[in-house]
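Single-structure report; data block below.
The values are calculated or read from the model by the stated rules, or taken from the named source; none is laboratory data. This one's a predicted model, so the numbers in the text were calculated from it and none came from an experiment. Don't worry about glycine lacking a Cβ; one is built from the backbone with ideal geometry, like all the others, and counts go over all protein chains shown. SASA here: full protein model, heavy atoms, side chains in, ligands and nucleic acids out. Shrake-Rupley method; radii C 1.70, N 1.55, O 1.52, S 1.80 Å.
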Amino acid sequence: MGSLIRSAALDASLCNVTWSDGHTTAFPALWLRDHCGCPDCLHPETHQRLVDTFSLPDDLTPQDPQVADNGRALILTWSPERHSSRYDADLLRRLADGKEPTDPVAKTLWDAATLAEEGLGEVPAEGFLSDDDLLAEALTKLDRRGFLFVEGLDPTPEATQAVARRISYIRETIFGGFWDFTANMEHKDTAYTTLEIGPHTDGTYSFDGPGYQMFHCLAFEGTGGESLLVDGFRVAREIQERAPDLYRVLGEIAVPGQYLDHERGVHLLAKRPVLRHDSDGALIQVSYNNHDRAAFLPDRERLEAFYEGLRLFHRLANDPAFQMIERLAPGRMLIFDNWRTLHGRKAYQGKRRLAGAYINKEDVESRLRVLQLKGAV
Ligand SMILES: [Fe+2]
Ligand SMILES: [Zn+2]
């Protein structure tokens, strides 16, 4: 257990905490005072910071560090304030290691070959809807691979909504929230036809692109219409290995996406790179929809590389070696991470009824975090 404190000593305005594994972390005084967890500084019910960070005295000095509770806590007193602070060793260590309150799920990249070997890992509807441990397992699977099949649902819109509500709430969009459709031109989008749709992500025109999408098959009589998925992170890794320069360009150039419908008075417009990274350089979102790309002129020096990068991305996403192709039969649901997994559909003949919804990224993460803290996984 590395998160027990062995000793603590002051060094000017630093408090050096030595852990039971021999590691030492230097915590600055201002940071420690700002993170006091006492009920005057952190509201015990709302968990909101009450300490007035910017009114703390300039000559703030920690005093008398004590290791308490067999290494599970650190106690400090402060001068010139008369204040005592107690810190949870576990929390200090997680923060020192750059971790969040719960560990993120490690992502497993996939392609056609790995899926053929490992299977789809479908989960039964029953457990998903009634058992928190099984829900946690299912959401972990969803996070790990970026998609999840739920089997054996009633082929009804009520069942679709029950799954969405079991996770969180349905996201409202310009198309409404929960949807239930057969092919018609109710909206100005290819999704409402029977044509083939190539792999893409939804909402490239939204600042906060939909985090997750659900497709639940309610009825199908006909041929074709298979769903197609691509692991965008797997494609990104392939590009990084084959053409690091193109990978960089796809990570740098912000591409505008738009949804324009003058009749309804809607003009959505948002920009982000095809491969979006966080401040540590980790890939966090793939956004790609060539049809919804708005007009823009990349700078001269990178224009050719941009098109080359986009072409490579498109080619790989349309290569069967990177695709999963699966039929959605009535009662079968596909949920996928729209920040990672591209989706498409084969053309079909006949009648198909599909229901679904978007759920926000943060709400799925929240649900899983709560289940993790409860010890369900
Ligand atoms: Fe779509
Ligand atoms: Zn306090």
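Annotations
- Looking only at segment 245-299, and only at residues there that are within 22 Å of ARG234 (Cβ to Cβ) and polar (S, T, N, Q), the one that is most open to solvent (accessible area, probe 1.4 Å): ASN290
- Qualifying residue in segment 202-209 (condition: at pLDDT 95 or above, assigned by TED's automatic domain parsing to the domain that holds ALA270, within 14 Å of ligand 1 (Cβ to nearest atom) and assigned to a strand (DSSP E or B)): no
- Where ILE253 falls short, out of the listed (1) touching a Lys or Arg at 6+ places or on another chain (Cβ under 9 Å); (2) without any contact (Cβ under 8 Å) to a residue 24 or more places away in the chain: (2)
- Residue list for segment 17-27, filter: assigned to a loop (DSSP other than H, G, I, E, B) and surrounded by 15 or more Cβ atoms within 10 Å (Cβ to Cβ): SER20
- Restricting attention to segment 28-63, the residues being more than 15 Å from ligand 2 (Cβ to nearest atom) and surrounded by 10 or more Cβ atoms within 10 Å (Cβ to Cβ) number 2.
- Selection status of VAL105, in contact (Cβ under 8 Å) with a residue 60 or more places away in the chain and over 37 Å from the mean Cα position of the chain (by Cα): no
- Within segment 329-342, tally of residues that are touching a Ser or Thr at 6+ places or on another chain (Cβ under 9 Å) and open to solvent by 10 Å² or more (accessible area, probe 1.4 Å): 1
- Test: residue in segment 99-111 that is among the hydroxyl-bearing types (Ser, Thr, Tyr), within 26 Å of SER279 (Cβ to Cβ) and modelled with pLDDT of 95 or more: yes
- Scanning segment 68-94 for residues that are open to solvent by 40 Å² or more (accessible area, probe 1.4 Å), touching a Phe, Trp or Tyr at 6+ places or on another chain (Cβ under 9 Å) and not in a strand (DSSP E or B) turns up nothing.
- Among residues of segment 300-326, those that are more than 16 Å from ligand 1 (Cβ to nearest atom) and open to solvent by less than 60 Å² (accessible area, probe 1.4 Å), counted: 11
- For segment 110-131, the candidate set comprises residues that are touching a residue at least 24 places away in the same chain (Cβ under 8 Å) and open to solvent by 50 Å² or more (accessible area, probe 1.4 Å); within that set, the residue that is farthest from ligand 1 (Cβ to nearest atom) is GLU126.
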